[in-house]
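Asker: This is the structure, below, for whatever I ask next.
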Amino acid sequence: MIATESVIQETKAAAADKSLISPRFYVTDYKKMNALRFDHMADEFKAMHKRFADDPNKHFFKRDDDPDFDQDFSKLPASFKDFLIRGCLGEFSGALLYKEIAERIEDPILSDTYRLMARDEGRHSGFIRLAMRDINADLDLQLLQGEKEFVSMHPKIILYTTYLSEVIGYFRYINIYSHLQAHPEHRYHPIFKYFGGWCQDELKHGDFIGLQLEAQKNLYLSGGVNRLLIRFFALAVYVTMWLRDLKAQDFYASIGMDWRAYDLKVIRETNAYAQRVFGLRLDVDHPKFIRILDRMAERYARMTEREAAGVGKLALAPMKAAMAADYLRLFAMSVRKDAPPPIPEYPVAPVVKGSAVTGGAQPAMV
């Protein structure tokens, strides 16, 4: 049984973390969101709602009939716990946001689709918590909701960032899944087997949010200001992942992956997929782009080392300014509007539960 005090301490630490790379909890302006019109694409939204209502993963997140969970996980790498905590925070953040939107938005089809999306995110966070308990860890989600600071953002920014987060989540999960399918010797916990079906939820969520952006093309996608905002927030998502995974490189090493190569692949694929909605992509293959990312990672590593050593905020200011300047250099780079590079097709095999095989999710049409 997990000690309640340790769970409270872990939860409060997660809630208090306001670092650059920590997951955020969001709310938005629902009056502005309700002012948006979607009826001109009613058929598309009804078809999208059906994808959610059909719920192909309804029975997917079940551990009871999988004997691979019936083993001792007490000696797994410490970095695995950190990976699970980050994942649980991200999924729970999405569940809260989507549930709030579902309750406040007036369009009945959109409201119910958001409700179903919150259902998916709740399943994900719950499944992660079960894996956390395998290693004698947990988070008190009710306490977390009360303690964590919520950030309010305009509906446009919420749609940009959640679209990118869901799409990048798909490519993160599917690349880990594909790697461990090819190298099962590194799959030290059965949760990784479920990433193939799991990631289909992420892409479905991204497609739904992308459809909302397309429905507001004139308001949210067209014009110079919107294109600048898209570039800014796409870059923010990529840089945050880069710095977060730099810090988590021990986890990726534990599953036989090079974090840098993994992140570059995920960024390239997300960037190409998102061009379908945004109409542009960052020039992430430019040598300058990768060089500046690496320099930001070096600076961030030095900065976090000095913070841990007790160096004050004033002494860290020059390093933060240098990182901000690097971010602006990346932002100032030209974008591309030519045809994006092809995205690999990722086959998803059925989940093998001990000796039994059950049906897994179908490959995404990417």
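The values are calculated or read from the model by the stated rules, or taken from the named source; none is laboratory data. Since the model is a prediction, treat every value here as computed from it, not as a measurement. Neighbour counts are summed over all protein chains in view; Cβ atoms, including those assigned to glycine, are modelled from backbone coordinates with ideal geometry.
Asker: Return yes or no: is His205 in contact (Cβ under 8 Å) with a residue 12 or more places away in the chain and out of contact with any helix residue (DSSP H, G or I) (no Cβ under 9 Å at 6 or more places or on another chain)?
Answerer: When the stated conditions are applied, His205 does not pass them.
Asker: If you scan region 1-31, which residues turn out to be surrounded by 12 or more Cβ atoms within 10 Å (Cβ to Cβ), basic (Lys, Arg) and under 23 Å from Val237 (Cβ atoms)?
Answerer: Arg24, the sole residue that qualifies.
Asker: Give me the pairs: first residue in region 24-40 and touching a residue at least 12 places away in the same chain (Cβ under 8 Å), second residue outside any loop (DSSP other than H, G, I, E, B) and among the small types (Gly, Ala, Ser), beta-carbon distance under 6 Å, and six or more apart or on different chains, which are they?
Answerer: Here the result reads Phe25/Ser93; Val27/Ser152; Phe38/Ala215, each pair linking region 24-40 to a residue that is outside any loop (DSSP other than H, G, I, E, B) and among the small types (Gly, Ala, Ser).
Asker: Hey, Pro108 hits all of (1) at pLDDT 95 or above; (2) farther than 22 Å from His154 by Cβ; (3) in contact with a helix residue (DSSP H, G or I) (Cβ under 8 Å, 6 or more places away or on another chain) but one; which does it fall short on?
Answerer: Only one criterion is unmet by Pro108, namely (3).
Asker: Starting from residues that are among the aromatic types (Phe, Trp, Tyr) and assigned to a helix (DSSP H, G or I), keep the ones in region 187-219 and report whichever is surrounded by the fewest Cβ atoms within 10 Å (Cβ to Cβ).
Answerer: Phe192
Asker: If you don't mind, there's one more thing I want to ask. Look at region 45-68 and say how many of its residues are within 25 Å of the chain's Cα centre (by Cα) and surrounded by 13 or more Cβ atoms within 10 Å (Cβ to Cβ).
Answerer: So the answer is 12.
Asker: Of all residues in region 92-130 being surrounded by fewer than 18 Cβ atoms within 10 Å (Cβ to Cβ) and among the small types (Gly, Ala, Ser), which is farthest from the chain's Cα centre (by Cα)?
Answerer: The qualifying residue farthest from the chain's Cα centre (by Cα) is Ser111.
Asker: Scanning region 220-243 for residues that are part of a helix (DSSP H, G or I) and among the small types (Gly, Ala, Ser), which turns out surrounded by the most Cβ atoms within 10 Å (Cβ to Cβ)?
Answerer: Ala234
Asker: OK, next. Filter region 266-301 down to the residues that are charged (D, E, K, R) and under 18 Å from Phe83 (Cβ atoms) and list them by number.
Answerer: Across region 266-301, there are no qualifying residues.
Asker: Being free of Cβ contacts under 8 Å to residues at least 40 places away in the same chain, under 27 Å from Gln249 (Cβ atoms) and part of a loop (DSSP other than H, G, I, E, B) is the requirement here; does Lys75 meet it?
Answerer: Spelling it out, Lys75 is indeed free of Cβ contacts under 8 Å to residues at least 40 places away in the same chain, under 27 Å from Gln249 (Cβ atoms) and part of a loop (DSSP other than H, G, I, E, B).
Asker: If you don't mind, there's one more thing I want to ask. Sort out which residues of region 314-324 are in contact with a helix residue (DSSP H, G or I) (Cβ under 9 Å, 6 or more places away or on another chain) and without any contact (Cβ under 8 Å) to a residue 24 or more places away in the chain, and write them in order of number.
Answerer: Ala315, Leu316, Met319, Lys320, Ala322
Asker: Let me ask something else about it. Could you grab the pairs with beta carbons closer than 7 Å, sequence gap of 6+ or different chains, first residue in region 98-117 and closer than 15 Å to Asp55 by Cβ, second one surrounded by fewer than 16 Cβ atoms within 10 Å (Cβ to Cβ)?
Answerer: Listed by first residue and then by second, the contacts come to Leu116/Ala53.
Asker: Return a yes/no flag: does region 156-173 have any residue that is buried (at least 22 other Cβ atoms within 10 Å of the Cβ), over 30 Å from Val225 (Cα atoms) and touching a helix residue (DSSP H, G or I) at 6+ places or on another chain (Cβ under 7 Å).
Answerer: yes
Asker: Does region 170-180 contain at least one residue that is within 19 Å of the chain's Cα centre (by Cα), under 23 Å from Ala236 (Cβ atoms) and modelled with pLDDT under 95?
Answerer: No; the residues of region 170-180 include none that is within 19 Å of the chain's Cα centre (by Cα), under 23 Å from Ala236 (Cβ atoms) and modelled with pLDDT under 95.
Asker: Quick one: would you say Arg63 is part of a loop (DSSP other than H, G, I, E, B), among the basic types (Lys, Arg) and in contact (Cβ under 8 Å) with a residue 60 or more places away in the chain?
Answerer: Yes, satisfied.
Asker: From Ala324, Ala297, Ala301, which residue is buried (at least 17 other Cβ atoms within 10 Å of the Cβ), under 25 Å from the mean Cα position of the chain (by Cα) and hydrophobic (A, V, I, L, M, F, W, C)?
Answerer: Of the residues listed, the single one that is buried (at least 17 other Cβ atoms within 10 Å of the Cβ), under 25 Å from the mean Cα position of the chain (by Cα) and hydrophobic (A, V, I, L, M, F, W, C) is Ala297.
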